[in-house]
Amino acid sequence: MKTSIATVSLSGDLREKLSAIAEAGFDGVEIFETDFLSFDRSPADVGHMIADAGLAVSTFQPFRDFEGMPEAQRGRELERAERKFDLMQEMGADLLLVCSNMSPASLGGIDRAAADFRELGERAEARGLRIGYEALAWGRHVDDYRDAWEIVRRADHPAVGLILDSFHTLARGTELAPIRAIPKDKIFLVQVADAPRLEMDLRSWSRHYRCMPGQGELDLTAFMEALDATGYDGFLSLEIFNDLFRAGSASAVAVDGRRSLIYMLDELERRKPAPERRRAVLPDKARCRGVAFIEFAVDEGGAGELGGLFGTLGFRRAGTHKSKDVTLWRQGAINLVINCEKEGFAQASYLAHGPSVCALGIEVEDAAATVARARALLARPFHQPAAPGELDIPAFRGVGGSLIYLIEPTGALGRVWETEFDLIEAAGENGGAGLTTVDHVSQSMGYDEMLSWLLFYTSVFDLETTEELDIADPAGMVRSRAVQTKDGALRITLNATQSHRTQAALFLRQVFGAGVQHVAFATDDILATMKRLKAAGLKPLAIPDNYYDDLEARLGLAPALVAELHQNGILYDRSEAGEYFQVYTRSFDERFFFEIVERRGYADFGAANAPIRLAAQARAARPAGPG
């Protein structure tokens, strides 16, 4: 199928939208009438711009309140359509989208509507144009694609066809099986959009909360399978009404849109038996084995402070880079890298964001296949020349302009530390604090970015998503969602806020963009770990007495256990599956912080404790300066 996106999905003026759509690699564009009316160029000029961008007009839309009008108004509506035909011919558009009538003056009746479309089809055909009819989920008389198809069928005109829209179909829970019986040559366009499941009126839901396929909860799989059964091979177009998208980067939204279609079509194809596939599929989703390393960009002074914190957490200095000012710290299977080079990517990251996580290394089973899949899904590759003796580690851009490096368990990429570092003998290994692995990495970002990275992670890597949670910060709400492997080897939480005063928002301002706000390390015995860490001088985040009084009363924990938790600043949660213990460090330079967790069969992230932690961090934060 050919890919298209509606201009209404993006921010900017028509020129900016067309540029973003073309750069993202779409084949076509839906011209939304308002975008054209508010633009200061003629239809012919716009047509030249579209052609110069290498695009085709998939449809001009919408033409409203046409069919079923009283006879006194019918002629006026046909004349209004003729004016749109003039415009379309100048622009080079051949399909007009007509949505089902919402006017209180409209009259019902399938035959009346069919007669109107037959007349409109005659006029369109005389100009070499076509008409597509779409059932709005809130149409006055037609709100179901099955009724729209019956009108098209009775109109019985070659220039009149059906337009299917996944949102209007799935939001009403309309049966999908009848789609399979529609002749493919009578389907003139298919629009797709996802959306979260919300309890609200259909029109508001559609106008504000649509999102890209893979970012919501509608059953697009079933819709696409029904469509595929028809053999349809025309334009598959995104029509996304979303306030955040319209306020964000047109280029980023366009890339997300095309990525979502590539991913959706690939998933559709790979569900078929191999002999029935119409196109080659992408490499499989990358199977992840965990976080291979976390790299921090700092200056020389920050390197000493951060190294001191790592030492307090039980990490040992395990090696230095053979040619760069880069240090490796280790504990258990955790690798932390401090980079204070004066040039290169880490330095650029430090200058842009200050002390921060500049890169994540993710261990995958097949780095080459992961790179191929990521590139096909429009990931932005990163490459800087490797010095003699260094490995050329594949990488692409991640959250906030950071990097995601791909490491393998074996082969050259599995020997990065031995190859690039002068390793120090592990004589002090037993002096650790019992930290074993990276339990999860938490990234903070704007909500529009959250949807973008949710799509990226789940399309490239073999990750599942959790339900979105609303978490109360003292200064607003934070939305949180996680992506993770089935076995929990890799967990990444995505946190987003629209408030300007939450801890997540303060972090975004502090580092000038999205990024890793905290890293959680796992331990098998959090009480023993905290005993060692406190002896080493760690002062955990202070948790109020009230929390522990409630903990004992609410969950019936033994007073002795509660006392130990209180003494060590440990938060507690439990589910039917098990128990969760978590403790937090104070923030490093008011930027990122660390968490230590013990899981006993528990699979979540202690969301019930998040408001307690956020309030404690707000109290611990240094006062903001004037202004």
Which of (1) under 26 Å from G139 (Cβ atoms); (2) more than 16 Å from the chain's Cα centre (by Cα) does E269 not meet, given it meets every other one? (1)
Could you tell me whether any residue of region 272-282 is acidic (D, E), crowded, with 21+ Cβ neighbours inside 10 Å and in a helix (DSSP H, G or I)? no
Tally up the residues in region 558-608 that are modelled with pLDDT under 95, part of a loop (DSSP other than H, G, I, E, B) and under 19 Å from L313 (Cα atoms), please. 5
If we keep just the residues of region 1-49 that are among the polar types (S, T, N, Q) and out of contact with any strand residue (DSSP E or B) (no Cβ under 8 Å at 6 or more places or on another chain), which is nearest to G248 (Cα to Cα)? S11
Members of region 198-212 that are of a type in the set (S, T, Y) and either more than 22 Å from the chain's Cα centre (by Cα) or more than 14 Å from G139 (Cβ to Cβ) (or both): S204, Y209
It is to be established whether one or more residues within region 148-167 are surrounded by fewer than 24 Cβ atoms within 10 Å (Cβ to Cβ), among the charged types (D, E, K, R) and either closer than 21 Å to A6 by Cα or touching a residue at least 60 places away in the same chain (Cβ under 8 Å) (or both). no
Could you count how many residues in region 528-550 are out of contact with any helix residue (DSSP H, G or I) (no Cβ under 6 Å at 6 or more places or on another chain) and not in a loop (DSSP other than H, G, I, E, B)? 11
Just for region 68-89: of the residues that are farther than 14 Å from E33 by Cα and acidic (D, E), which one is surrounded by the most Cβ atoms within 10 Å (Cβ to Cβ)? E77
Those strands (runs of 3 or more DSSP E) completely within region 41-160 that have 1 or more residues that are within 28 Å of F241 (Cβ to Cβ) and of a type in the set (S, T, Y) are 56-63, 130-134
Regarding E225, is this residue assigned to a helix (DSSP H, G or I), among the acidic types (D, E) and at pLDDT 95 or above? yes
Among residues of region 272-308 being farther than 20 Å from V460 by Cα and small (G, A, S), the residue nearest to the chain's Cα centre (by Cα) is A297
Just to check your reading of the model, which residue among M445, M450 is more than 23 Å from E363 (Cα to Cα), of a type in the set (A, V, I, L, M) and surrounded by 20 or more Cβ atoms within 10 Å (Cβ to Cβ)? M445
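Per-residue answers, yes or no, for (1) on the phi < 0 side of the Ramachandran plot; (2) exposed (fewer than 14 other Cβ atoms within 10 Å of the Cβ); (3) in contact with a helix residue (DSSP H, G or I) (Cβ under 7 Å, 6 or more places away or on another chain):
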position	(1), (2), (3)
E269	yes, no, no
A297	yes, no, yes
E300	yes, yes, no
L306	yes, no, no
G314	no, no, yes
S323	yes, yes, no
R330	yes, no, no
Consider T221 against the criteria (1) touching a strand residue (DSSP E or B) at 6+ places or on another chain (Cβ under 9 Å); (2) surrounded by fewer than 24 Cβ atoms within 10 Å (Cβ to Cβ); (3) of a type outside the set (A, V, I, L, M, F, W, C); (4) more than 29 Å from G108 (Cβ to Cβ): it satisfies all of them except one. Which criterion is unmet? (1)
Can you confirm whether A352 is touching a residue at least 24 places away in the same chain (Cβ under 8 Å), crowded, with 17+ Cβ neighbours inside 10 Å and not in a strand (DSSP E or B)? no
If F345 satisfies all but one of (1) at pLDDT 95 or above; (2) more than 24 Å from Q484 (Cβ to Cβ), what's the number of the condition it fails? (1)
Assuming N101 fulfils every condition listed in (1) surrounded by 18 or more Cβ atoms within 10 Å (Cβ to Cβ); (2) more than 13 Å from E77 (Cβ to Cβ) apart from one, which condition is it? (2)
Restricting to region 392-413, what's the tally of residues that are over 17 Å from the mean Cα position of the chain (by Cα) and surrounded by 15 or more Cβ atoms within 10 Å (Cβ to Cβ)? 8
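Yes/no per residue for (1) polar (S, T, N, Q); (2) without any contact (Cβ under 8 Å) to a residue 12 or more places away in the chain; (3) crowded, with 23+ Cβ neighbours inside 10 Å:
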site: V192; (1), (2), (3): no, no, yes
site: S204; (1), (2), (3): yes, yes, no
site: G216; (1), (2), (3): no, no, no
site: L227; (1), (2), (3): no, no, yes
Residues of region 434-471 satisfying the condition of being within 26 Å of F310 (Cβ to Cβ), at pLDDT 95 or above and either in a strand (DSSP E or B) or among the polar types (S, T, N, Q) (or both): L435, T436, T437, V438, D439, H440, V441, S442, Q443
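The values are calculated or read from the model by the stated rules, or taken from the named source; none is laboratory data. Being a predicted model, the structure only gives us computed values, none of them experimental. Quick reminder, even Gly has a Cβ in these numbers, built from the backbone with ideal geometry, and neighbours come from all protein chains shown.
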